[in-house]
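The structure under discussion appears below in the form of structure tokens.
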Amino acid sequence: MSLLRDATTIAHRNMIRIRRVPDVMVFVVVQPLMFVLLFAYVFGGSIDIPGGNYREFLIAGIFTQTVVFGATFTGSGLAEDMQKGLINRFRSLPMARSAVVAGRTISDVVYNALSIVVMSVAGLAVGWRIRGSILDAIVAYGLLLFFSYAFSWVMACIGLMVPTPEVVNNATFVILFPMTFIANTFVPSDSLPGVLKTIAEWNPVSTLTHAVRVRFGNIPAGTPEPTAWPLQNAMLYSLGFAVVLIVVFAPIATRLYQRTSK
Amino acid sequence: MKKYGAVTALDGLDLDVPGGTVLGLLGPNGAGKTTAVSILTTLTQPDAGSATVAGVDVMSDPRQVRSRIGLSGQYAAVDEHLTATENLEMIGRLYGMPRREARRRGLELLEQFRLTEAADRPLKTFSGGMRRRIDLAGALVADPPVLFLDEPTTGLDPRSRGELWETIRDRVRGGTTVLLTTQYLEEADQLADEIVVIDHGRAIAKGTAEELKRRVGGEHLDVHVSGVDNVRKAESILAAVAIGPLRVHADDGEVSAPVSNGVEALSTVLRALEAEHILIKDIGLRRPTLDDVFMELTGHEASTGAAS
């Protein structure tokens, strides 16, 4: 299938860059590493989780935060591509029309996988442990990557609509910070007041984090079962949300790419 | 025809390039050259009209067109973080070539372009001329029967320009059909079998380089003086030897005239200027330029518009 082959070619091109563009390396490796260490040592000492170890609780939250922010890379990468003459070359080639966008989302899964490996190693170093089965761990990692893949299609649309790559970061930070903080990423959602608690319970970042925590066996003993439906069905809700994102945003992104011409 | 809002970029342009020949599309910035190339290479769709490239309709079967063309633009469309080899291999793959063949073809082109030693360096480290050559190589990877070269040498130094011209001639000898856009009469003269001069999206003249130059006159005599009075005097002196309309830049003190016998006109004008005691800042003969062609064909100078 030519879409798959062309998208792989584009993904390969994007991945060559990790060795040559220092920004990419910082974003993919250094930043996630920094987050694990900062949160573990700065907050780790002052936040108590009833019946548990905060660092262990925290790591899944940092995983989800990182892969959600990692999706912005798709947006800024595409925005950067669209500014360059290279895009006219692509448009004049007999390649699948959606390959440039699809290839970008594929290479970003690889970037995210790399970030997760770095964070896992750092996590193990600061005391995080996988307490579930290997299979559960694989499912948890798979869910993280699938969710970030789906989310990168949303970012792709933003990247194709804005004039410069910088705008992607500015525009998305306003959305992504609340999205990753009004959630159970860094503190249990039970501790949030009133309406924020409800938002946190329905926030897909929370369900993703919860599902991953459950699979890693990182839920502190004695924690009551969640009462909100999305958290009770965290795996299903996160997967369903991701599928909806792809179904809605992939066609939009492809359209936007085709329409944008210089 | 193609409109961008209120700006009509192309207005009834008719082109026909016989297989194996080079058509030069000559015009100033904003004349519609790039728009024409964009339509023919399927990057944009015309608002009205039709086009076939290598026998394929650009509107109904754009993908088929893309597999038969190579495009090299005025901005080197290469990935600067990739090496020369990686760039060419990527483009070959996107033309549908198997990896090994794309790689082999890339290396072959680098050898042809004498860039083998730089093959494994990211293009970021390349000079502008080298990038342009890689860009052109990209257009040649799949050996397409039709090439579109949109101002391939704009901004290049004379040596790089000459090398690029040689490469293009090579391809044409091999049977490739080329549509070349340029702002330089000399470039069209060097490469094109036929030249179409366009302005405001319309063809205003058509012919071989020789035919066009004959219309413009052989040489131009430029005189540079100072003072408005002197410019006026120089104008009347030049008018006596000119074989076409004069071009006057009163502010800069420049007057230019097409002449038939350059040397004779030069000495006549020199004597006349001396007799009037006009101080000459500069005087000289030169070959006609695009500006001269425009002056002759349209009565106005090659204007620079916004769209291109």
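The values are calculated or read from the model by the stated rules, or taken from the named source; none is laboratory data. Values in this document were obtained by computation on a predicted structure and should not be read as measured data. Here the Cβ is made from the backbone with ideal geometry for all residues, glycine too, and neighbour counts use every protein chain on show. Just the protein is used for accessible areas: all its heavy atoms, side chains included, with ligands, DNA and RNA removed. Shrake-Rupley method; radii C 1.70, N 1.55, O 1.52, S 1.80 Å.
Given +1 at the Cβ of Lys and Arg, -1 at the Cβ of Asp and Glu and no other charges, the dipole of chain B around its Cα centre is 1020 debye to the nearest 20. Surface calculation, 1.4 Å probe, protein heavy atoms: residue A:25 sits at approximately 90 Å² accessible. Excluding same-chain neighbours fewer than eight residues apart, the aspartates and glutamates reachable from residue B:281 by a Cα-Cα span under 16 Å are B:222, B:229, B:235, B:251, B:252, B:254.
At R0 = 60 Å, how high is the FRET efficiency between residue B:240 and residue B:120 if r is their beta carbon distance? Nearest 0.05 is fine. According to the calculation, E is roughly 0.40. Here segment A:21-110 is treated as a sphere whose radius is the Kirkwood value from Cα pairs; by Stokes-Einstein at 20 °C and 1.002 mPa s it diffuses with a coefficient of 137 µm²/s. Put a plus charge on the Cβ of each Lys and Arg, a minus charge on the Cβ of each Asp and Glu, and nothing anywhere else: the dipole of segment A:1-128 about its Cα centre is then about 680 debye.
Against chain A, whose longest principal axis comes from its Cα atoms, helix A:99-125 is set at around 30 degrees. The modelled label-to-label distance for the pair residue A:236/residue B:159, using points 7 Å beyond Cα in the direction of Cβ, is 7.2 nm.
Based on the alpha-carbon gyration tensor of segment B:2-213 and its eigenvalue square roots a ≥ b ≥ c, which shape applies: rounded if a/c is under 1.5, prolate if not and a/b is larger than b/c, or oblate? In terms of gyration-tensor shape, prolate.
Checking every one of the GluC sites (Glu not before Pro) in segment B:186-285 against DSSP loop status and a limit of 15 other Cβ atoms within 10 Å picks out B:276. Across segment B:2-213, Cα pairs under 8 Å and at least six residues apart give a relative contact order of 34 percent.
Extension gain for residue B:281-residue B:167 works out to 37.0 nm (0.36 nm per residue, less the C-alpha to C-alpha distance). Sorting B:282, B:61, B:16 by solvent-accessible area of protein heavy atoms yields B:16, B:282, B:61, largest first, with a 1.4 Å probe. Separation of segment B:91-110 and segment B:224-250, taken as the distance between their Cα centroids, equals 58 angstrom.
Using θ = phi - 60° in the Karplus curve 6.51 cos²θ - 1.76 cosθ + 1.60, the 3J(HN,Hα) couplings for segment B:40-46 round to 5, 9, 6, 6, 9, 9, x Hz; x is entered for Gly and Pro.
Secondary structure note: in segment B:2-213, about 40% of the DSSP beta bridges are antiparallel. Pull out a ≥ b ≥ c, the square roots of the eigenvalues of the alpha-carbon gyration tensor of segment B:21-105, then state rounded if a/c is under 1.5, prolate if not and a/b is larger than b/c, and oblate in the remaining case. Oblate. Close amide H contacts of residue B:203 (hydrogens built in the peptide plane, cut-off under 5 Å, sequence separation of 5 or more or a different chain): B:14. Rounded to the nearest 20, the size of the Cβ-charge dipole of segment B:23-82 about its Cα centre is 140 debye, with Lys and Arg at +1 and Asp and Glu at -1. To the nearest ten degrees, helix B:128-140 and the longest principal axis of the Cα atoms of chain B are 50 degrees apart. Its Cα gyration tensor gives segment A:2-260 an equivalent ellipsoid. The semi-axes, each the square root of 5 times an eigenvalue, are 33, 19, 16 Å from largest down. The length gained by stretching the chain between residue A:247 and residue A:83 to full extension, at 0.36 nm per residue less their Cα-Cα distance, is 56.4 nm.
Taking 7 Å steps out from each Cα toward its Cβ at residue A:223 and residue B:15 produces label points 6.5 nm apart. For segment B:52-60, backbone phi angles converted through the Karplus equation (6.51, -1.76, 1.60; θ = phi - 60°) give residue-by-residue couplings of 10, 10, 6, x, 10, 6, 5, 7, 8 Hz, Gly and Pro being listed as x. Taking a straight Cα-Cα cut-off under 15 Å and skipping sequence neighbours fewer than 8 places away in the same chain, the aspartates and glutamates within cross-link reach of residue B:213 are B:186, B:187, B:189, B:193, B:194, B:291, B:292, B:296. When both segment A:44-83 and segment A:98-140 are represented by their alpha-carbon centers, they are found 11 Å apart.
Shape class for segment A:113-223, computed from the alpha carbon gyration tensor (a ≥ b ≥ c): oblate, with a/c not under 1.5 and a/b at or below b/c. Bridge orientation summary for the protein assembly as shown: considering DSSP beta bridges with both residues in this region, about 60 percent are antiparallel. For the protein assembly as shown, the convex hull spanned by the alpha carbon atoms encloses 197 Å³ per residue.
Across segment A:10-26, computed HN-Hα scalar couplings (Karplus, 6.51 cos²θ - 1.76 cosθ + 1.60, θ = phi - 60°) run 5, 4, 4, 4, 5, 6, 4, 5, 4, 7, 10, 10, x, 3, 5, 4, 4 Hz from first to last residue, x flagging Gly and Pro. Only Cα pairs under 8 Å and 6+ residues apart enter the sum, and on that basis the relative contact order of segment B:215-298 stands at 43 percent. Here the label points at residue B:111 and residue A:20, each 7 Å from Cα along the C-beta direction, are separated by 2.3 nm in the simple model.
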